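Notes follow the structure.
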């Protein structure tokens with residue numbers, strides 16, 4: 001038997017298989033095939049990338065030299081370009097603008113062979129500081145409305161280079177999914193004068209069934225309406241709409257929970273490819289009472305079937321309660 | 001350089017790469033690996049499937065016997081089940097209903113080794129008749145709000161069995177994407193008193209740049225805001241909101257254009273996996289002036305990268321103008 005569950009944030013219905021649910025071992029996981037060749041992200045190859053925008057070095061901070069811990073560079077093959085004016089035009093009934101934006105790569109460690117979860121807590125903190133600093137810097141550019149920070153791990157998650165890295169795209173538009181979240185959470189707030197995400201956190205903390213881990217400032221859980229098997233959300237417990245205003249103490253806790261969550265995914269699910277994305281409010285300077293930033297982690301277990309792509313309607317064969325249990329119980 | 005284009009139907013922005021666009025040869029296409037073992041959909045194995053719901057046989061129409069051309073059966077592993085009442089419950093702030101629905105398989109030909117594009121026009125017509133007849137039958141069930149017809153071809157598109165087949169799911173809810181299309185097209189209609197899809201067809205027929213093929217009653221084109229490389233839409237030229245009211249003469253033309261489009265995909269793109277989905281109005285008996293049914297075809301070229309999954313924001317490296325040209329020019 002299956003259940004139909006409705007996501008309170010987006011209004012989306014998802015079919016969740018209950019009776020013949022799939023556990024961690026029931027999915028095919030693609031192996032990570034090592035590539036050969038010179039890695040442009042490795043220390044000593046700084047000349048192979050565009051000049052750096054930001055780096056974290058101990059001692060002498062000479063740009064584009066080795067000895068960095070994290071390093072941010074423009075993407076060599078950017079989806080959007082930073083130069084030019086933002087022009088909007090109509091073509092008959094269609095609307096268009098030119099592809100203005102920023103596309104940056106956050107190199108997370110000098111060590112080619114490590115994964116984000118293999119770093120120390122302190123090293124992961126430095127990655128989050130890089131996210132924060134680049135977000136704060138880019139919000140000064142009036143052409144941009146949104147800053148998207150995401151990470152692709154593994155070929156089936158779209159990663160084209162192995163060396164641990166995340167990406168940042170500054171956009172002149174608000175992504176559709178975020179726009180929907182904003183719209184729904186605004187209506188919920190109008191009706192109840194409470195943040196829908198805060199309400200959700202309270203319920204998850206009470207239920208405990210879907211909670212994976214938590215610490216003082218953050219909680220990781222499998223969402224009640226998971227679209228994908230073993231999908232995970234990480235939320236700050238304290239209400240805040242904008243990731244880029246994260247505080248020092250919170251960065252410490254976020255690094256710990258993110259690292260441990262990634263280790264649990266690796267251990268429980270046989271090192272699958274995954275994506276994570278930071279969902280945060282648009283750049284408009286104001287703190288919103290109705291939105292709550294968070295991270296969505298989506299391991300790539302199996303393939304998305306046909307109708308999901310064209311309908312926005314998902315079928316998930318692993319109930320989040322089972323996913324949370326498996327990720328909670330695995331030893332790391 | 002890239003362009004940002006806004007979909008007039010869903011409000012979605014898509015990044016379209018223009019300068020360093022990828023052509024048909026620039027994508028990795030997964031090979032179709034043949035499976036071994038007995039096929040439950042082949043003639044003579046009718047006892048291996050649940051009892052048939054519908055079949056098209058020449059002469060003696062004895063159920064669950066060979067000699068059929070198309071055959072519809074309940075899915076042996078259904079996402080939703082047809083038995084039971086539709087109960088809605090709340091769990092704290094979450095909404096749920098039990099998984100009531102119908103899930104059927106349309107076996108398109110007795111020939112295991114053929115693809116839908118390899119059938120004769122007349123055989124494809126029979127498949128469309130099966131879609132239509134099952135749609136008309138299921139709309140009598142008051143628990144259902146929507147009938148989703150789709151086809152997965154190839155393992156990377158989610159097909160688990162090779163024998164040519166499509167699927168039908170009758171749902172107690174309206175899929176999110178369709179709900180969005182309905183909402184946007186309703187607003188467009190309120191403002192202009194015209195169907196947004198009809199306006200789009202007029203512009204595409206005038207422009208011709210994105211048109212692939214057409215006949216008297218149907219047109220196939222690459223949408224101006226294609227989310228995926230080589231995405232194709234097939235529309236009836238005459239306004240109609242509901243697929244299940246398709247007329248006999250239209251079925252002849254739809255079979256021809258669908259078959260030729262699939263052959264062109266196979267020839268131009270080296271036989272990729274693909275999904276197609278019929279987008280039609282919800283079951284409510286009324287013909288809508290503001291909605292226009294259509295088929296979306298999505299070849300699986302390469303992989304979807306990370307941020308597309310979590311943001312509803314897409315990056316497409318093949319402009320639809322190039323896709324249409326390649327699909328138009330290939331000889332079939």
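The values are calculated or read from the model by the stated rules, or taken from the named source; none is laboratory data. All of these numbers come straight from a predicted model, not from anything done at the bench. Cβ placement follows ideal geometry from the backbone for every residue including glycine, while neighbour counts extend to all protein chains displayed.
If you go through region B:197-220 one residue at a time, do you hit one that is more than 30 Å from residue B:2 (Cα to Cα), without any contact (Cβ under 8 Å) to a residue 24 or more places away in the chain and over 17 Å from the mean Cα position of the chain (by Cα)? No, there is no match, as no residue in region B:197-220 is more than 30 Å from residue B:2 (Cα to Cα), without any contact (Cβ under 8 Å) to a residue 24 or more places away in the chain and over 17 Å from the mean Cα position of the chain (by Cα).
Within the set B:75, B:45, the sole residue that is modelled with pLDDT under 95 and surrounded by 13 or more Cβ atoms within 10 Å (Cβ to Cβ) turns out to be B:75.
Here is a check on your reading of the model: is residue A:72 more than 28 Å from residue A:125 (Cα to Cα) and in contact with a helix residue (DSSP H, G or I) (Cβ under 7 Å, 6 or more places away or on another chain)? Considered against the rule, which asks whether it is more than 28 Å from residue A:125 (Cα to Cα) and in contact with a helix residue (DSSP H, G or I) (Cβ under 7 Å, 6 or more places away or on another chain), residue A:72 comes out as no. The criterion of at least 2 residues that are touching a residue at least 40 places away in the same chain (Cβ under 8 Å) is met, among strands (runs of 3 or more DSSP E) falling completely within region B:1-110, by B:2-6, B:13-17, B:54-57, B:68-74, B:102-107. Set side by side, the residues B:150, B:144 differ, and just one is within 14 Å of chain A (Cβ to nearest Cβ), under 19 Å from residue B:77 (Cβ atoms), in contact with a strand residue (DSSP E or B) (Cβ under 9 Å, 6 or more places away or on another chain) and not in a helix (DSSP H, G or I), which is B:150. Counting the residues of region B:181-203 that are buried (at least 20 other Cβ atoms within 10 Å of the Cβ) and closer than 12 Å to residue B:279 by Cβ gives 3. Within the option set B:63, B:40, being more than 30 Å from residue A:16 (Cβ to Cβ) and either surrounded by 13 or more Cβ atoms within 10 Å (Cβ to Cβ) or touching a strand residue (DSSP E or B) at 6+ places or on another chain (Cβ under 8 Å) (or both) holds for one residue only, B:63.
Is one or more of the residues making up region B:277-291 part of a strand (DSSP E or B), within 13 Å of chain A (Cβ to nearest Cβ), within 30 Å of residue A:155 (Cα to Cα) and touching a helix residue (DSSP H, G or I) at 6+ places or on another chain (Cβ under 9 Å)? Yes: region B:277-291 contains one or more residues that are part of a strand (DSSP E or B), within 13 Å of chain A (Cβ to nearest Cβ), within 30 Å of residue A:155 (Cα to Cα) and touching a helix residue (DSSP H, G or I) at 6+ places or on another chain (Cβ under 9 Å). Does at least one position in region B:165-174 carry a residue that is away from chain A (no Cβ under 12 Å) and touching a residue at least 24 places away in the same chain (Cβ under 8 Å)? Among the residues of region B:165-174, at least one is away from chain A (no Cβ under 12 Å) and touching a residue at least 24 places away in the same chain (Cβ under 8 Å), which makes the answer yes.
Against the conditions (1) touching a strand residue (DSSP E or B) at 6+ places or on another chain (Cβ under 9 Å); (2) more than 11 Å from chain A (Cβ to nearest Cβ), residue B:203 satisfies every one except (2).
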